[in-house]
1. In straight Cα distance, which aspartates and glutamates are under 16 Å from residue 158, not counting same-chain residues fewer than 8 positions off?
2. Once each part is reduced to its C-alpha centroid, what is the distance from the range 305-365 to the range 87-156 in angstrom?
3. Long-range amide H contacts for residue 73: which residues qualify at under 5 Å (H placed 1.01 Å from N, peptide plane, sequence gap of 5 or more or a different chain)?
4. Counting DSSP beta bridges in the range 11-177, what percent are antiparallel, to the nearest 5?
5. Which entries of 105/149; 129/149; 105/160; 160/263; 43/105 show an alpha-carbon separation above 19 angstrom in the structure shown?
6. Please say if the range 11-177 is rounded, prolate or oblate, where rounded means a/c under 1.5 for a ≥ b ≥ c the square roots of the C-alpha gyration tensor eigenvalues, and otherwise the choice is prolate for a/b larger than b/c and oblate otherwise?
7. Return the distance in nm (one decimal) between the two label points of a simple spin-label model at residue 299 and residue 386, each offset 7 Å from Cα along Cα→Cβ.
8. What net charge do the residues around residue 232 carry, taking every other residue with its C-beta under 13 Å from that of residue 232, with Lys and Arg at +1 and Asp and Glu at -1?
Amino acid sequence: MLNFTHRIPTEIRFGKDVTDGLPKVLERFGKNILLVYGGGSVKRSGLYDRLVSLLTGADFTVTDCPGVEPNPTVASVRRGVDLCRAKGIDAVLAVGGGSVIDCGKAIATGRYWEGDLWEMVLQSRAGRKSLPVIAVLTLSATGSEFDNKGVITNPETKEKYSSVFSFPVVSFCDPTFTFTVPPYQTACGSADIMSHAIESYFSRTEDSEISDGLAETIIRTVIHDLPIVLEQPDNYEARANLMWASTLACSGMADYGKRYPGKTCHAIGHELSAWYGVTHGESLAILQPRWMRLILKKDPSVTPRFARFARNVWGMTGDDEADLARRGIEALADFLANIGIASTLGELGIGEEHFLDMAVHADLRGRCTNSYVPLTQEDVLELFRACL
Ligand code: NZQ
Ligand code: ZN
């Protein structure tokens with residue numbers, strides 16, 4: 001097992017009605033709150049009214065920052081930063097899915113950033129001065145509630161980057177807030193959770209059992225609980241397990257003690273979102289099984305890890321490692337093809353025209369070449385073609 005540092009300063013408050021404690025948490029920072037939210041789901045669900053009456057009842061001044069898009073843009077960050085400066089905001093309260101929480105983190109850091117905010121996104125760096133961020137999670141997917149990253153898009157340059165901002169001080173994770181997530185977003189979020197665990201799992205380090213076991217448990221949890229919530233959106237136990245899986249999967253804990261394998265499918269998936277606005281989890285559901293087939297073909301030395309994936313995640317048995325490896329991948333492909341989201345780029349109306357641009361750009365930070373099985377530009381093109 002390799003050396004590692006565990007440092008996640010975010011306090012997680014998990015379970016029913018935990019947001020009752022929100023005023024007490026916010027009081028630590030001041031009375032002037034920026035409430036960041038998305039396109040309206042929080043209003044339709046009643047969560048907005050519930051939180052605003054809780055806060056105004058405790059003498060907070062709440063400034064709205066609505067309209068954060070899925071795949072949030074730097075324009076939304078600018079809007080929030082302007083509000084923070086104009087209103088003398090003390091803390092950012094982000095209520096929503098990963099897009100809203102990511103945007104809230106970027107706004108909080110942007111408050112103190114002199115200069116262009118897209119430059120701030122590009123200059124990813126820990127320890128930057130930031131307003132405190134408090135998150136209320138409404139969608140199980142990204143793990144933004146428990147990490148310091150924010151993924152921001154610049155539609156003008158067709159770039160989408162993950163940047164380091166600050167950890168939320170406290171994240172409130174009430175699974176009942178996810179009862180209203182539609183099946184499509186529930187499935188996309190679950191594919192994202194699986195991908196986070198998978199991208200940690202496929203590493204060259206073989207002896208970090210806790211990390212590997214955590215990744216396997218997270219993937220098995222999604223396999224077990226996603227079909228339940230697709231049938232019963234208000235099944236508390238299943239929603240709760242998905243929510244905790246979301247929080248842990250992208251926390252880095254499944255990487256502890258392991259050689260960081262690079263998040264190749266994430267790098268490539270961000271290109272699909274930047275060019276075509278593809279929903280994050282859907283891009284991963286399309287890419288992940290094809291990436292597995294490609295790397296297994298390219299480098300058969302990874303067969304034992306795929307065989308372990310088949311045994312420990314899918315409960316498969318057999319002595320033929322190559323056969324197990326193949327069957328494990330196909331089980332994942334079948335699962336992802338049957339959760340109500342696209343499983344090809346063709347279904348999304350995406351053709352070959354920008355494959356080369358995306359392949360070149362995906363590797364700009366070496367995320368394809370310095371990965372578990374290094375991918376050349378030609379490999380990434382082959383992967384895109386396999387997704388058609
Ligand atoms: O905008 P509203 O109206 O709120 O609707 C949202 C949005 O349309 C809706 N939704 C959220 N909670 C809901 C709900 N609808 C009904 N009931 C609820 N309770 O769902 C839609 C998608 O929301 P979004 O926040 O975009 O989804 P997700 O949580 O999957 O976030 C995706 C973003 O996070 C980034 C992705 O790249 C993408 O930009 N990621 C962030 C990461 C991080 N911070 O570490 C890592 C991830 O790998 C990922 O890259
Ligand atoms: Zn992701």
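1. Cross-link targets: 69, 119, 271, 353, 357, 363.
2. 30
3. For residue 73, the qualifying residues are 153.
4. Values: 6 of 29 bridges.
Bridges in the range 11-177 are about 20 percent antiparallel.
5. Details: 105/149 8 Å; 129/149 14 Å; 105/160 16 Å; 160/263 14 Å; 43/105 21 Å.
Table pairs above 19 Å Cα-Cα are 43/105.
6. On the way: a/c = 1.62, a/b = 1.41, b/c = 1.15.
Here the range 11-177 falls in the prolate category.
7. With each label point 7 Å from Cα toward Cβ, the separation is 1.4 nm.
8. Working: positive: 239; negative: 225, 231, 234, 237.
Its environment carries a net charge of -3.
Just so you know, all these numbers are worked out from the coordinates, no wet-lab data involved. Remember, predicted model here, so these are calculated numbers, not experimental data. For neighbour counting, all protein chains shown are included, and Cβ atoms are generated from backbone atoms with ideal geometry for every residue, glycine included.
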